[in-house]
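The values are calculated or read from the model by the stated rules, or taken from the named source; none is laboratory data. Treat the numbers as computed from the prediction; the structure is a model and nothing was measured. When we count neighbours, we look across all protein chains shown, and the Cβ atoms used for this are built from the backbone with ideal geometry, even at glycine.
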Amino acid sequence: MKPHVSPAALPWPDLRAFTADAALATAVGFVGVTSTLVISGAVPMRMVPTPPGLEVWAQVIAAAALLFRRRHPLAVVALIVPLGYAATVPVALPFALYSLGAYRGDRRLLITMAVLTLVVTAHLWETTSVEAAVQLISVSGLAVVPATLLGLYVDSQRRLHRALAERAERAEREQMMLIEQARSEERTRLAREMHDVVTHHVSLMVLQAGSLRMTAPTGEVRDAAEELRATGRRALSELREVVGVLHDPGPAALAPPPSLLDVSRLVTDSGMRVELHQDDGITLSPALGRTAYRVVQEALTNARKHAPGAAVAVRLKRHDGLIRVSVSNSPTCGPPLGLPASSGTGLLGLRQRVELMGGGFQAGTTPDGGFEVVATLPEAA
């Protein structure tokens, strides 16, 4: 088995970069060798001539080094600059200097290597006059200066893009912080409103139900008052839980351990003929458990209001990681109760709550003329 090589260990980030570098090295090598053979000795750059064969090999080695210009630009420049002593000016030299600026991102290093390149390729130690030195530096500068300036420009553009990206990321983080702060303030406001208004009125209802139970003239009234008081106390307990979640939306408040789903109390207190079919051991997170509980509670309330006397079936089933909660009733057996007209927002609120938990919701009439509410919830969220 061949060892796996990480892309970061290769000189090229991808196949396209390898193809481009290979084509560049081939073209530069061809131009360098051709120009060396054609003009060798025609324009002497040094006092001591160099054999054409040595210059040809210098051009070939310099061109081959361009294959590594992306990941190792400094090493490529450090290899090509000494070759400038053997060759007039390696054709690969401008590409190596540009790569040092574009891929290394060190301006001072690039300028230092450019000056060193001018000194080596101009062979200033072999000159005998200032005029000759200026002429040699001018000729070498045609290859060194434009490549250095282009590398500095690319490096400045990369720095600018990086700064803009960091600024955009910082602005996005600040925006998210503002949004989270606004959410926290809204949660606090809602919690205050629920505590000051809703909880206060429910508490009064519980106290009044307790007083009514103590002074009721008949047993039926006492039983109804006790049921009203117990329901109010449960509502207070759930309200306090919701207020606590709004006050503290952290992981400790939102993700307590899963608990066993139990709707038997709802079925017993519904005052209707209700059959409960529930798989054993259905455990849900508190958020999912409250959602399933509310589905059953709202569906039973609707059945009691709109289908008095009808048979009701509550089914809680587990299948393929989903919990299916269904409440169905047969056609009504008596006249609707004289209750205020429904606003129609109960089922809509259930749908929104179930979909917020990542589930599905359906409600409608059954073929036999009854009504069914079905909610499908994920077992884990």
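Tabulated values for the structure
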item: Residue 313 being assigned by TED's automatic domain parsing to the domain that holds residue 367 and either crowded, with 22+ Cβ neighbours inside 10 Å or touching a strand residue (DSSP E or B) at 6+ places or on another chain (Cβ under 8 Å) (or both); result: yes
item: Pairs with Cβ under 7 Å, 6+ apart, first in segment 86-97 and more than 13 Å from residue 141 (Cα to Cα), second at pLDDT 85 or above and assigned to a loop (DSSP other than H, G, I, E, B); result: 95/69; 96/69
item: Criterion violated by residue 314 - all others in (1) at pLDDT 80 or above; (2) touching a helix residue (DSSP H, G or I) at 6+ places or on another chain (Cβ under 7 Å); (3) in a helix (DSSP H, G or I) satisfied; result: (3)
item: Number of the exception - residue 55 against (1) surrounded by 18 or more Cβ atoms within 10 Å (Cβ to Cβ); (2) within 14 Å of residue 116 (Cβ to Cβ); result: (2)
item: Output for segment 209-241, where each listed residue is outside any helix (DSSP H, G or I) and surrounded by fewer than 13 Cβ atoms within 10 Å (Cβ to Cβ); result: 217, 218
item: Among the candidates 348, 356, residue that is within 25 Å of residue 239 (Cα to Cα), at pLDDT below 80 and exposed (fewer than 13 other Cβ atoms within 10 Å of the Cβ); result: 356
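Rundown of residues vs (1) modelled with pLDDT of 80 or more; (2) outside the structural domain of residue 163 (by TED's automatic domain parsing); (3) among the basic types (Lys, Arg), yes/no style:
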{"site": "52", "(1), (2), (3)": "no, no, no"}
{"site": "63", "(1), (2), (3)": "yes, no, no"}
{"site": "73", "(1), (2), (3)": "yes, no, no"}
{"site": "77", "(1), (2), (3)": "yes, no, no"}
{"site": "82", "(1), (2), (3)": "yes, no, no"}
{"site": "86", "(1), (2), (3)": "no, no, no"}
{"site": "91", "(1), (2), (3)": "yes, no, no"}
{"site": "95", "(1), (2), (3)": "yes, no, no"}
{"site": "107", "(1), (2), (3)": "yes, no, yes"}
